[in-house]
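Quick notes on the structure that follows.
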Amino acid sequence: MTEPIVMYKDVHKSFGDVSVLRGIDLDIKPGEKVAVIGPSGSGKTTIIRMLMTLEQPTSGSIIVDGKNLWQMEKGGQLVPANEKHLREVRGDIGMVFQHFNLFPHMTILENCMTAPVQVKKEDKATAKKHSIEMLEKVGLGDKLDNYPSQLSGGQKQRVAMARALVMRPKIMLFDEVTSALDPELVGEVLEVIRDIAKEGEMAMVLVTHEMDFALDVADRVLFLDNGVIAEQGPPSQVLEHSENERLQSFLHRFRK
Amino acid sequence: MDAIVEVFPVLVKGVEITIKVLLASIVLGYLMAFIAGFCRLSNNIILRKITGFYVEVFRGTSLIVQLFWLYYALPILFGIEIGSDFWAGVLAISLNYGAYMSEIVRSSILSVAKGQTEAATALNMSRFQRMRLVIFPQAVRMMLPEFGNYLILMLKSTSLVSLIGMTDILYYGDILRSSDLSQAPTVYLLVLVFYFIIALPLIWLTKKMESASKKGVASQ
């Protein structure tokens with residue numbers, strides 16, 4: 001029985017008066033691939049944004065590798081985490097965004113090697129070597145000196161993945177990474193994720209609308225509805241044999 | 001033609017002061033713009049309020065009155081001596097334009113897409129690293145075209161220092177005119193030409209800044 005690398009304990013999140021998440025309990029094991037599906041507005045993205053420290057939970061706690069993410073101990077009491085604490089705990093987490101969020105003023109190579117050099121203090125030569133290897137792996141070894149504006153959406157998203165991967169995270173978060181892409185570019189991005197997933201060591205949380213992809217890659221699928229995890233289990237069970245009516249009608253809309 | 005030959009060398013004597021005041025005002029003005037711009041974005045509410053007050057006061061009152069305050073009123077009221085007419089002039093111009101340009105600094109930084117901060121956070125950058133490596137380089141590109149315009153405005157404002165007795169181009173022009181009113185058209189035509197010639201490199205620089213700013217800016 002391995003310790004979970006991420007634990008959500010009764011996590012709630014409201015934006016103003018709107019309650020988005022109403023009690024999330026979730027354990028993710030090292031290396032586990034979890035797909036999160038659900039109608040829009042169900043809070044899927046919020047779940048991973050809280051783990052990336054982009055959104056603060058209203059209540060509850062998130063434990064990463066045994067450390068409390070949003071609270072820290074000070075004089076024997078738990079107080080809200082400061083920037084330093086957040087940086088210590090989120091170092092093993094990486095994220096890929098729906099809208100890529102590449103740095104437009106940097107070349108592709110600089111996009112990848114800036115964080116290893118500046119944040120992890122790797123020496124430049126090593127960081128450059130790793131970045132080039134990673135960019136070659138995602139099929140963009142010939143675009144090193146291009147700027148993001150010169151790439152297609154699919155290429156941008158692959159750069160974004162390389163940029164996250166060179167930080168060697170233990171947990172990778174994918175926030176609807178194919179939603180902003182033209183249909184014909186979705187395949188190349190999913191292919192890269194599939195390759196990463198096969199290597200196995202990283203835990204992955206994928207918020208996605210690609211059901212077939214979830215079925216293929218995930219160890220476990222969560223169906224989020226109305227701010228709670230309404231159903232979860234192995235993909236074949238959740239996607240094909242669930243009796244949850246809301247889930248069935250949700251899936252039905254996708255399968256048309 | 002004779003008149004021009006007569007007027008020209010007199011006006012040239014003022015060029016040095018005009019350019020000195022301009023250069024000092026540019027350096028101090030930009031410095032002020034960045035300091036005030038960042039202060040207005042600070043988490044510290046007192047700092048934000050104080051800077052906000054400074055910006056509104058200097059934007060909301062006239063530059064020439066500010067100049068007179070620094071030069072004439074402050075020494076009498078508070079015994080604060082700026083030290084020289086040069087520094088009074090430079091301070092008035094740079095505090096005034098610094099207030100305007102701080103708004104450019106602030107709004108440019110705020111207009112960098114939020115996703116950029118989030119991506120930098122996801123790479124575990126600190127607050128300072130996010131600003132230095134990701135936000136600021138993009139914000140500066142947005143500031144450049146506006147900054148260029150203010151360069152030219154600052155040049156034109158330097159002519160106000162003649163009113164506190166500084167011997168700039170306009171000062172010599174006024175002297176010539178007061179000794180012989182019939183020369184006024186020639187004198188002020190040449191004064192215009194002088195300012196325009198000094199503005200030429202600034203206009204050129206502004207165009208450079210504009211084209212530089214078009215490269216590598218977020219478009220999502």
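The slack in the chain from A:GLU133 to A:GLN56, taken as 0.36 nm per residue of separation less the alpha-carbon distance, amounts to 24.2 nm. In terms of its C-alpha gyration tensor, the range B:2-214 comes out oblate, because a/c is 1.5 or above while a/b does not outweigh b/c.
Each label point was placed 7 Å from the Cα along the Cα-to-Cβ direction; for A:LYS198 and B:SER126 their separation is 4.1 nm. With a Förster radius of 56 Å applied to the beta-carbon distance between B:ARG48 and A:GLU243, the computed FRET efficiency rounds to 0.50.
Would you please give the FRET efficiency between B:VAL57 and B:ALA199, computed as 1/(1 + (r/R0)^6) with r the Cβ-Cβ distance and R0 = 25 Å, to the nearest 0.05?
Once rounded, the FRET efficiency stands at 0.30.
When only alpha carbons are used to place a centre, the range A:71-112 and the range A:1-61 end up 16 Å from one another.
Extending 7 Å from the Cα toward the beta-carbon at both B:ILE76 and B:ALA184 defines two label points whose distance is 3.0 nm. A cut-off of 5 Å between modelled amide H atoms, ignoring neighbours fewer than 5 places along the same chain, links A:LEU222 with A:ALA35, A:VAL36, A:ILE37.
I'd like the Kirkwood hydrodynamic radius of the protein assembly as shown, using the inverse of the mean 1/r over distinct C-alpha pairs, in Å. Could the numbers behind the result be given before it?
Values: mean 1/r = 0.0378 Å⁻¹.
Result for the protein assembly as shown, one decimal place: 26.5 Å.
Work out the charge dipole of chain B with +1 on the Cβ of Lys and Arg and -1 on the Cβ of Asp and Glu about the Cα centre, then indicate which of B:THR18, B:TRP204, B:LEU31 is farthest towards its positive end. It is B:LEU31.
Amide H to amide H, with H built 1.01 Å from N, A:ILE24 comes under 5 Å of A:ASP10, A:VAL11, A:HIS12, counting only residues 5 or more places away or on other chains. Among A:PHE97, B:PHE78, B:PHE34, sorting on how many other beta-carbon atoms sit within 10 Å of each Cβ, with the fewest leading, yields B:PHE78, B:PHE34, A:PHE97. Where only DSSP H runs of four or more residues are counted, chain A gives -11000 deg cm²/dmol as its mean residue ellipticity at 222 nm, each run worth -39500 (n - 2.57).
Projecting the Cα atoms of B:PHE136, B:GLY148, B:THR158 onto the charge dipole of the range B:120-177 (Cβ charges, centred on the Cα centre) puts B:PHE136 farthest toward the positive pole.
Compared with the alpha-carbon gap, the fully stretched path from B:ILE152 to B:SER84 is longer by 22.0 nm at 0.36 nm per residue.
Summarising the amide proton neighbourhood of A:GLU210: residues at separation of 5 or more, or on other chains, whose placed amide H is nearer than 5 Å comprise an empty set. Shape verdict for the range A:18-83, please, from the Cα gyration tensor: rounded (a/c under 1.5), prolate (a/b greater than b/c) or oblate. Taking the square roots of the gyration eigenvalues as a ≥ b ≥ c, the range A:18-83 is oblate. Just B:GLY115, B:GLY60, B:GLY29 to compare: in a GNM of chain B, with alpha carbon springs under 10 Å, which one fluctuates most? Looking only at B:GLY115, B:GLY60, B:GLY29, the biggest GNM fluctuation is shown by B:GLY115. Pairs over the 31 Å Cα-Cα cut-off, from the set B:LYS156/B:LYS214; A:LYS74/A:LYS198; A:LYS84/A:LYS137: A:LYS74/A:LYS198; A:LYS84/A:LYS137.
Classification of the range A:102-236 by its C-alpha gyration tensor yields a prolate form. The axis ratio a/c (a ≥ b ≥ c) is 1.5 or more, and a/b outweighs b/c. Largest GNM mean-square fluctuation across A:SER42, A:SER61, A:SER19, computed for chain A with C-alpha springs under 10 Å, falls on A:SER19.
For the range A:201-213, 3J(HN,Hα) computed residue by residue from phi via the Karplus equation (6.51, -1.76, 1.60; θ = phi - 60°) reads 6, 8, 6, 10, 10, 10, 8, 8, 10, 8, 5, 5, 5 Hz, glycine and proline entered as x.
Adding -39500 (n - 2.57) for every DSSP H run of four residues or longer, then dividing by how many residues chain B holds, sets the calculated 222 nm ellipticity at -25500 deg cm²/dmol.
Please give, to one decimal in nm, the separation of the simple spin-label points placed at A:ASP216 and A:ASP145, each 7 Å out from Cα toward the Cβ. A separation of 3.6 nm, rounded to one decimal place. Charge dipole (Cα centre; +1 on Lys/Arg Cβ, -1 on Asp/Glu Cβ; no other charges) of the protein assembly as shown amounts to roughly 620 debye. Of the cross-linked pairs B:LYS13/B:LYS207; A:LYS29/A:LYS143; A:LYS129/A:LYS156, those separated by over 24 Å at the C-alpha level are B:LYS13/B:LYS207; A:LYS29/A:LYS143. Our note on the geometry: Cα centres of the range B:152-212 and the range A:187-249, 70 Å apart.
Quick note: the coordinates plus some simple rules give every number you see, no bench work behind them. Please read these numbers as outputs of a predicted model, since none were measured by experiment. Note that each Cβ is placed from the backbone with ideal geometry, even for glycine, and that neighbours are counted across all protein chains shown.
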